[in-house]
1. Sort through 265, 297, 254 and tell me the only one that's under 17 Å from residue 371 (Cβ atoms) and at pLDDT below 80.
2. Residues to consider are 152, 138; find the one that is closer than 25 Å to residue 346 by Cα, buried (at least 24 other Cβ atoms within 10 Å of the Cβ) and in contact with a helix residue (DSSP H, G or I) (Cβ under 7 Å, 6 or more places away or on another chain).
3. Can you spot a residue in the stretch 90-111 that is surrounded by fewer than 24 Cβ atoms within 10 Å (Cβ to Cβ), more than 26 Å from residue 210 (Cβ to Cβ) and modelled with pLDDT under 70?
4. Considering only residues that are in a loop (DSSP other than H, G, I, E, B) and free of Cβ contacts under 8 Å to residues at least 24 places away in the same chain, which ones fall in the stretch 119-151?
5. On the basis of being without any contact (Cβ under 8 Å) to a residue 24 or more places away in the chain and buried (at least 24 other Cβ atoms within 10 Å of the Cβ), does residue 196 make the cut?
6. Evaluate the stretch 388-399: report whether one residue or more is touching a residue at least 60 places away in the same chain (Cβ under 8 Å), over 30 Å from residue 73 (Cα atoms), touching a helix residue (DSSP H, G or I) at 6+ places or on another chain (Cβ under 8 Å) and not in a loop (DSSP other than H, G, I, E, B).
7. From the list 308, 344, which residue is touching a helix residue (DSSP H, G or I) at 6+ places or on another chain (Cβ under 9 Å) and without any contact (Cβ under 8 Å) to a residue 12 or more places away in the chain?
């Protein structure tokens with residue numbers, strides 16, 4: 001976990017450093033999946049359908065709260081990456097400490113507000129009455145870990161901005177296994193029900209925060225964490241918020257559209273709620289690696305934009321789109337080859353699995369479109385075009401998606417019809433992102449210097 005693991009992406013080959021950076025991030029995404037998947041695996045297999053519906057009904061609200069600060073961590077990563085590319089380590093250092101202080105204060109406020117408002121919000125989401133008591137317990141305990149989760153994300157963003165994706169991977173490997181062990185302890189040995197899985201997640205996220213902080217305090221880091229440096233730098237914080245706030249709003253908007261999906265699904269009853277919750281857990285095996293490609297190109301684009309190397313940004317973005325689409329196609333195809341087995345890992349109720357498969361066979365064949373949208377958007381954010389990215393997301397993944405949901409639900413009222421809004425809106429957003437990226441990169445390539453490029 002030394003500073004030697006940091007990687008400069010502004011010179012030399014493109015494919016090799018990108019792959020070395022992306023592979024640990026894909027590994028991180030797999031182990032990060034354990035935080036949520038392990039909970040649902042044990043709930044679905046040990047506690048039953050009602051508890052699974054409770055965890056599923058809570059997940060959308062949790063994602064919405066986390067989304068805002070995940071966006072801020074994107075701002076931190078971009079600000080730090082551009083500072084690294086511009087060879088301004090003091091600015092990268094200020095980005096880390098300003099964002100951590102902002103995140104801890106804001107996270108504490110949102111945790112308190114979420115705990116108090118949880119029952120009312122779950123009612124607004126049309127959560128089934130049978131699942132409501134456990135859903136409230138789960139979300140209130142889970143929210144206690146929010147400040148720790150925010151702290152880890154800010155630290156991980158700073159590490160990745162410096163080209164180190166291996167340290168976050170190692171941290172998540174350790175914490176993923178801790179989460180599984182705690183789940184077993186608090187369900188099998190000390191049977192606490194859904195409260196137990198929420199406590200297990202809180203423990204593992206707390207450990208991830210401690211390990212990330214310890215890593216950033218090591219000698220040799222381009223960016224080092226120190227408690228005495230925790231203060232707001234106005235200029236840096238404005239840059240972080242300019243990039244990160246639209247990313248956070250974008251995440252919330254996507255979650256809002258998922259809330260609308262959840263609203264319509266809740267109307268189908270407890271089995272459908274559990275089915276969509278199961279689908280989301282399996283979907284993460286496809287979705288999270290895509291996020292790794294998006295995060296990787298954001299760092300690559302940020303460092304090279306800071307150095308003024310926009311032709312290198314273009315080349316790296318195209319290569320990452322091709323890699324992401326290929327990996328996504330393979331993962332989604334593999335799941336569809338063994339659907340009963342994969343979905344059966346998470347819940348044994350056959351009716352739930354049957355409904356989950358209806359959703360998967362509509363969306364998974366088209367999931368290769370998502371990396372086009374995510375990578376092009378990530379590259380634009382790395383260059384500082386976060387507001388434009390947010391606008392595209394709002395139009396396609398909120399306005400269009402919610403409109404289609406209303407039409408399809410009224411006209412067809414089936415799970416397949418609701419699931420079909422996903423690939424349609426992915427495709428529309430991907431087209432918009434590609435067009436904007438081509439316009440921006442053509443302009444930038446005509447303005448600045450370029451390095452000698454070596455692809456492999």
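1. Numbers: 265 fails: under 17 Å from residue 371 (Cβ atoms); 297 fails: at pLDDT below 80.
So the residue among 265, 297, 254 that is under 17 Å from residue 371 (Cβ atoms) and at pLDDT below 80 is 254.
2. 138
3. The answer is no; no qualifying residue exists.
4. 129
5. Considered against the rule, which asks whether it is without any contact (Cβ under 8 Å) to a residue 24 or more places away in the chain and buried (at least 24 other Cβ atoms within 10 Å of the Cβ), residue 196 comes out as yes.
6. Start the filter on the stretch 388-399 by keeping residues that are touching a residue at least 60 places away in the same chain (Cβ under 8 Å), which leaves 389-390, 393-394, 397-398.
Those left that are additionally over 30 Å from residue 73 (Cα atoms): none.
No, that holds for no residue.
7. 344
For (1) crowded, with 24+ Cβ neighbours inside 10 Å; (2) modelled with pLDDT under 70; (3) on the phi < 0 side of the Ramachandran plot, each residue gets a yes or a no:
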position: 3; (1), (2), (3): no, yes, yes
position: 9; (1), (2), (3): yes, yes, yes
position: 28; (1), (2), (3): yes, no, yes
position: 34; (1), (2), (3): no, yes, yes
position: 44; (1), (2), (3): yes, yes, yes
position: 68; (1), (2), (3): no, yes, yes
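The values are calculated or read from the model by the stated rules, or taken from the named source; none is laboratory data. Since this is a predicted model, take the numbers as computed values, not measurements. We place every Cβ from the backbone using ideal geometry, glycine too, and count neighbours over all the protein chains shown.
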